[in-house]
Amino acid sequence: MDIELFLSNYNSSNIANGTSTAANNSKFQSKVKVKLVIESGGSTYEKSLESTNDQLKPLIIKLNNKIKKYEESLNKKNFVTPNKQSSSSMNLLQKSSTVNLSSPSLSQIGLTHHASLKNLQITTSPDIQQPAVPSNPIVFGVSLDTLIAKEKSMELRIPTFVSNILNTLFLHSLGVEGLFRISGSQMEIQNRRGIVNLGDYSTSRDDNPHVLTVLLKQFLRDLPEPICTNALYDLFLAASDQINFQQCKDNGFEVLKKLINSNLPVNNRNLLQHLIHFLRFVAMNQTVNLMGPSNLSRVFGPNLFWKKETGPLDIQILQSTSEKVNFITEQMILHYDTLFEEPLQTTSPAILSNTPINSNPSSIPTFNFGGKKLVIHSKLLGHNKSIQWMTLCGGGGGGSNSGGNNGELSGSRVWSLDSHGMARIWDSQNQQFIKEVEVVDQSKGGGGGAVYQMISTTVNNTVWTATSQKLAIWDIDGGLIGEIPGESYSLCESQNKEIWVGGPQVLNIYSLDGIPSFAPSNCTDNNGGELLKPIGTNLFMKGIIILAMCKVGQNRIWGCSSEKTLYVWDAKTKETIHQCEIQEKRPKRMACIEIDDTEYIWIGGDEGSIQIFNSKTFKLEHKILNQGWDKIFHIASINREIWIGFWDTTVRVFPGDPKNKEILIDYKGYHSDVVSSIIEVPNLKGGDPFIWFGSYDKSISIVSIKEDTAKSWNFTNIKKNFSRPIRQGFSSRG
């Protein structure tokens, strides 16, 4: 009986347990033992673990999958696999297969010639045929040109091994403290290095980031010649001297720019640019990871620049050159935009919705669609929980609905709100963190409160937050203007200087007249009072909760209820103009877009279908069924397009005109989890506007849309290491 049969029996019995007897349940809670047995030189070594079936099942599945995955990678490389008679010693599918609980990876132990288990030396049995290891390492110690030439199918001119490491670090580890400075386990590093040299370049979110960073630095250090070449070493140091001298600083930057873009060999230049580009994102989050440009330069400089010395070393000269190397590396990180010419040298095709995942390696993504491209500028960290909402405020405000067209924006602040009720305030132009504000008091009983929505107003630049605890009003810098206790679910700024608030079975409407733009000096004790008294209204919705609202045209408010009903109100008289049933279990996201003098309202929710209504006729114009993407988390209108974040972690862009049903772009790559909020932010310095993506992975990515006038630096959709299950009921956003 093999392991697969055990797992199959476990799963089938677990399904039956829903209606089975207590005896069946007891059977799968009984004790089971997992053993690692290694036979070598006539001796047997064992390690075992005993627990219940339920507790050990995840470990068995994980190790079983690792073994199968590694065997597949060996077969792809045409390595010799173990013979049939001895396969049971290495394959978890056999009864005698075992689990190693103390080493980083069972596949690393089973397929490496030597490995250490605590203080035990393990040597594989000589009668087991080992995979044929190439006479020369595949990655480490090979010249860059040779490595690039071996990967003939690679379109982007950087090694796949490097690309995969940068991909994984970008998605999962930018906020890791001491990234590139802290080392990983030496045993794990050596085992992983051996696996890479066997041709397995795969990385995942489960990898120790400190092991990956050490491998990257070792790869650079083991190159026969440094990336910046021996021939140009002295010229780079001379450029460092000029930049460090105020009178010739500008000339020094010109020299450095020419060295990078004209003198470096093309493969060296591409790799250097990818590395420095990635280090910029690390440095952007130095308040989180403690690795600013100076720290990164000390770690990376010696791996980019070195020169073999033929004579005795002078300590003073060595220290001086080391300082210059670190300084020039720091300048490349600080001045990347001016030193490196965009786009990167590549011949990659545009990334469209039908591009296969992991078809094309690189480090940071640029996506193309409709003659335009998305270019990422920043990735911001700092939230400790999933980001739920973002809003733009200041100047022209940030729009009143959850994703509608914001018109002429001129905001100076972006607020991001997470599921723990903490809001972070950012400068919208330099994208720097300003302040953190507690919107939900998590010290209260019951685990704090839930976050439902956040908007900013165009009238007085205030920020409104709706939570399970209260409705609160803030100034753009985080001062509390006023609050009303009680649960609020949805918010919308009307055309008449009012805020519509969907509460428990009632719509409260508040006038913005008289509400100040800034909090009073004693704002900590301000609880609203008469300032926040709602306007009298008879919009009581018995047994109904309005989950989403948006303003439409000159005098309409559209809303969706928990009872699958669509409402249209007159914004002035507050009368209900139209209502109808909507085929969506929880229609909680809405956006309005104007196409050819007609406004269309896009509605989505937990069922994952998209319904598009005509604002003039109130009729359903088109319905896009769930195509396997599951829930909808955000809908935003940007220019003439609709941007939607889905549960499968993908953002899809649709043309605003419902007659055109084509998906313009279907991508993932900036985040490792759901994109839950999308806003457009103007570039007040001139140029292309920015698009901010807030995600459940606690990060914010900032991109711009540019006309694709030149060959772009393209990037594959990042392969995620987990799949999203279909979930029923309420999401964490309420």
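The values are calculated or read from the model by the stated rules, or taken from the named source; none is laboratory data. This structure is a prediction, so every number in the text was calculated from the model and none was measured. Ideal geometry is used to build each Cβ from the backbone, glycine not excepted, and the neighbour counts take in all protein chains shown. To get the accessible areas, we keep the full protein, side chains included, count just its heavy atoms, and leave off ligands, DNA and RNA. Shrake-Rupley method; radii C 1.70, N 1.55, O 1.52, S 1.80 Å.
Within the set Lys257/Lys698; Lys57/Lys379; Lys257/Lys308; Lys435/Lys574; Lys572/Lys631; Lys659/Lys698, which residue pairs have Cα atoms separated by over 26 Å?
Distance filter (> 26 Å) returns Lys257/Lys698; Lys57/Lys379; Lys435/Lys574; Lys572/Lys631; Lys659/Lys698.
Please report how far the C-alpha centroid of the range 570-630 lies from that of the range 236-288, rounded to the nearest whole angstrom.
For the range 570-630 versus the range 236-288, the Cα centre distance is 51 Å.
Label-point separation (nm) for Ser511 and Asp597, each offset 7 Å from Cα along Cα-to-Cβ?
With each label placed 7 Å out from Cα toward Cβ, I get 3.6 nm.
Enter the per residue convex hull volume of the range 413-482, computed from alpha-carbon coordinates, in Å³ rounded to the nearest integer.
Dividing the Cα hull volume of the range 413-482 by its residue count gives 82 Å³.
For the range 427-520, what size does the Cα cloud have along each of its three principal axes, sorted from largest down, in whole Å?
37, 34, 24
Which net charge results when you count Lys and Arg as +1 and Asp and Glu as -1 among the other residues whose beta-carbon is under 15 Å from that of Leu232?
Around Leu232, the surrounding residues sum to +3.
Collect residues whose amide H, placed 1.01 Å from N in the peptide plane, falls under 5 Å from the amide H of Tyr452; neighbours closer than 5 in sequence don't count.
Ala466, Thr467, Ser468
I'd like the carbon and sulfur percentage of the solvent accessible area for the range 169-280, probe radius 1.4 Å, heavy atoms only, ligands and nucleic acids excluded.
45 percent
I want the local charge near Gln432. Using Cβ-Cβ distances under 12 Å, sum +1 for each Lys or Arg and -1 for each Asp or Glu among the other residues.
+2
Based solely on C-alpha atoms, express the radius of gyration and the Dmax of the range 143-206 in angstrom.
Using the Cα atoms of the range 143-206, the pair Rg, Dmax is 13.3, 37 Å.
Per 5 Å bin, what percent of the C-alpha pairs of the range 621-674 does each bin hold, from zero upward?
4, 19, 30, 29, 13, 4, 1
Using bins 5 angstrom wide from zero, how does P(r) for the range 197-262 break down, in % of all Cα pairs?
Each 5 Å bin holds this share of Cα pairs: 3, 14, 16, 14, 12, 11, 12, 10, 5, 2, 0.
Note the direction-averaged projected area, equal to a quarter of the hull surface, for the Cα convex hull of the range 144-281, in nm².
Average of the hull's projected areas for the range 144-281 equals 9.6 nm².
Set the Förster distance to 30 Å, then compute FRET efficiency between Lys659 and Leu684 from the Cβ-Cβ distance, nearest 0.05.
That gives a FRET efficiency of 0.30.
Please list 3J(HN,Hα) in residue order for the range 177-182, calculated via the Karplus relation 6.51 cos²θ - 1.76 cosθ + 1.60 where θ = phi - 60°; whole Hz, with x for glycine and proline.
Those phi angles translate into 5, x, 4, 6, 9, 8 Hz.
Place a label point 7 angstrom from the Cα of Asn614 along the Cα-to-Cβ direction, then list the residues of the range 655-680 whose backbone nitrogen is under 20 Å away.
Counting only backbone N, you get 655-662.
I need the calculated FRET efficiency for the pair Thr576 and Thr338, taking r as the beta carbon distance and R₀ as 60 Å, to the nearest 0.05.
0.55
Can you tell me what percent of all Cα-Cα pairs in the range 560-614 are more than 16 Å apart?
Here the long-distance tail beyond 16 Å is 46 percent of all Cα pairs in the range 560-614.
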